[in-house]
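Read-outs: derived from the displayed coordinates by stated rules, not from any lab. Quick caveat, the model's predicted, so the values are computed rather than measured. In this analysis, Cβ positions are derived from the backbone assuming ideal geometry, glycine residues included, and neighbour counts consider all displayed protein chains.
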Amino acid sequence: MSKILFNNFDDVSSKQWKQKIQVDLKGVDYNDTLIWHTNEGIDVKPFYHSDELDIKTNPSFTKATAFKICQSIFVAHTEKSNAKALDAISRGAESIMFIIPSEDVSVNDLLKNIDSTSTPIRLKLLFLSSEYVKTIPSQHHVDIETDILGHLAKTGNWFTNLKEDHKQFDAIVKHTNTITIDASLYQNAGANMVQQLAYTLAHINEYFNHLNTLIDDSNKESIKVVINLSVGTNYFFEISKLKALRILYQTLSSEYGFNTNCQIHVTPTKRNKTIYDYNINMLRTTTECMSAVLGGANSITNLAYDALYHKDNEFGERISRNQLLVLKHESYFDIVDNPADGSYYIESITSQLSEKALELFKDIEGNGGFLSQLRAGTIQKKIKESASKEQDQFNSGDITLLGTNKHPNPQDKMKDNLELYPFMKINPVKTLIEPIIEKRLAETLEQQRLNKE
């Protein structure tokens, strides 16, 4: 601000603030008492001051008010899924993501009576077929989600093989002008935020490097890049993570000449969700969605409070959608754009996350790149180390999940309520590489409780 409102008050430096705090601590060590050390190697201070901020705080180019409320629908039955989408739109959903398991699904029938120009539609394909994509009529404005590297990382195998997968991928990108990266896997598997950002960037770079000579420079700007992310409950850090991702993506894409604006779609993480005291999941997803909005997500699909153990149901989906509606229309998240801009704390964390992630990204590229590191098992090893550290913190109580490892309700019974298997699944199949496995923090403790019911 150019106008000084309080010129009768003297400036107080960060050194003076620290001296005052040290006096009030009465001999207790400042660093040991008030500095918080994160798993990302970042020291969080008790206060932040402008004279310690070495970075320039530039305004965000996103609009927090413009985020879309997205409803995810697994297409088990085309007509029922279409009816479900129309009902969700009538109840406040502003975007629909259809998860399509096979080529038997008719997109024409699926999108019947849905105006895809006013309601953005995303089709997440669980198979790989450029021919199927080409059969989608042009009047349907849809984004196609196909991530062959994400599929390899998650399952340990290509859809077919490296050559055929890239051939199909190239044809889909040229037809749809869209690249999708599913980076939610890294968070759900236990990677820390620096790793999430670095692996996402390396994941994108693998595609950019592959497509660099296949797509004319004049067409690169038209390529839309969509990044799927998961966020946890570390509120301000998750805001910073999204802001850091945009900075890193802009830096990388500008080097190749691709569109420097990416679309970020966010879903709350499964890693901290629980089956006991499951209503607390609503509190967790609410703060996670808030972080996503303030961090600049373009669209958000909320996670139903009972998604771990119940099949899709109208009540759980309505509650999760209403959480976003309340945030957007009753909590004034549709009024102010980018309220996190200018916060010394958030700007500092954003800068540190960006720098550390860029350093790790350079290390990955210096050692052969994302695909090479996956083949060598290096990325899997690093994520498992991070997940193990976080698991130890949960087991010792340093990480708290209320109702699970703190203040559990011994009368809470869940054995008869499980419609879905809520624990890590391992299929005994042969894989080319070690897959990255998603696992929740509370799984072992929950299994012990179930066995005692």
Could you pull out the trypsin sites (Lys or Arg not before Pro) across region 283-330 that fall in loop regions by DSSP (anything but H, G, I, E, B) with no more than 15 other Cβ atoms inside 10 Å? LYS311
For region 120-195: Kirkwood Rh in Å [reciprocal of mean 1/r, alpha carbons]: 13.5 Å
Helix-only mean residue ellipticity at 222 nm for the chain, each DSSP H run of n ≥ 4 adding -39500 (n - 2.57), per residue, nearest 500: -14000 deg cm²/dmol
Label points 7 Å out from Cα along the Cβ direction at SER331 and LEU432: separation in nm? 4.2 nm
Crossing angle, helix 443-452 versus the chain [Cα axis fit, 0-90 degrees, rounded to tens]: 80 degrees
Below 8 Å between Cα atoms, with a sequence gap of 6+, how large is the relative contact order for the chain in percent? 19 percent
Which chymotrypsin sites (Phe, Trp or Tyr not before Pro) does region 61-136 hold that lie in a coil by DSSP with at most 14 other beta carbons within 10 Å? PHE61, PHE127
Bin width 5 Å, alpha-carbon pairs only: give the P(r) of region 160-229 as whole percents, running from 0 to the bin holding the largest distance. 3, 15, 24, 23, 17, 12, 6, 1
List the extent of the Cα atoms of region 304-363 along each of their three principal axes, largest first, rounded to whole Å. 45, 34, 14
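Of all the C-alpha pairs in region 295-435, what % are more than 17 Å from each other?
Values: 7904 of 9870 pairs.
Above the 17 Å cut-off, region 295-435 has 80 percent of its Cα pairs.
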Which residues' amide hydrogens lie under 5 Å from the amide hydrogen of PHE74, considering only partners 5 or more residues apart or on another chain, with H built in the peptide plane? ILE99
Could you tally the net charge around ARG271, taking each other residue with its Cβ under 9 Å from the Cβ of ARG271, Lys/Arg +1 and Asp/Glu -1? +2
From the Cα centre of region 75-139 to that of region 243-278, the distance in Å is 23 Å
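In µm²/s, what is D for the chain at 37 °C and 0.692 mPa s, where D = kT/(6 pi eta Rh) by Stokes-Einstein and Rh is the Kirkwood radius from Cα pairs?
Taking Rh from Cα pairs, D becomes 139 µm²/s.
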Can you tell me the length gained on complete extension of the stretch ASN31 to ASN212, counting 0.36 nm per residue apart and subtracting the Cα distance? 60.4 nm
Debye calc, one equal point scatterer per Cα of region 25-165, no solvent, log10 I(q)/I(0) at q = 0.10, 0.14, 0.15, 0.16 1/Å comes to -0.59, -0.80, -0.85, -0.90
Could you compute the net charge surrounding ALA93? Neighbours are other residues with a C-beta less than 11 Å from the C-beta of ALA93; K and R count +1, D and E count -1. +2
Work out the FRET efficiency for ASN322 and SER106 from their Cβ-Cβ distance, taking R0 = 25 Å, and round it to the nearest 0.05. 0.20
By what distance, in whole Å, do the Cα atoms of region 331-407 stretch along each of the three principal axes, largest value first? 47, 37, 22
Could you state the angle between the C-alpha long axis of helix 378-396 and the longest principal axis of the C-alpha atoms of the chain, as a value from 0 to 90 degrees rounded to the nearest 10? 60 degrees
Kindly express, to the nearest 10 degrees and within the range 0 to 90, the angle between helix 78-90's C-alpha long axis and the longest C-alpha principal axis of the chain. 40 degrees
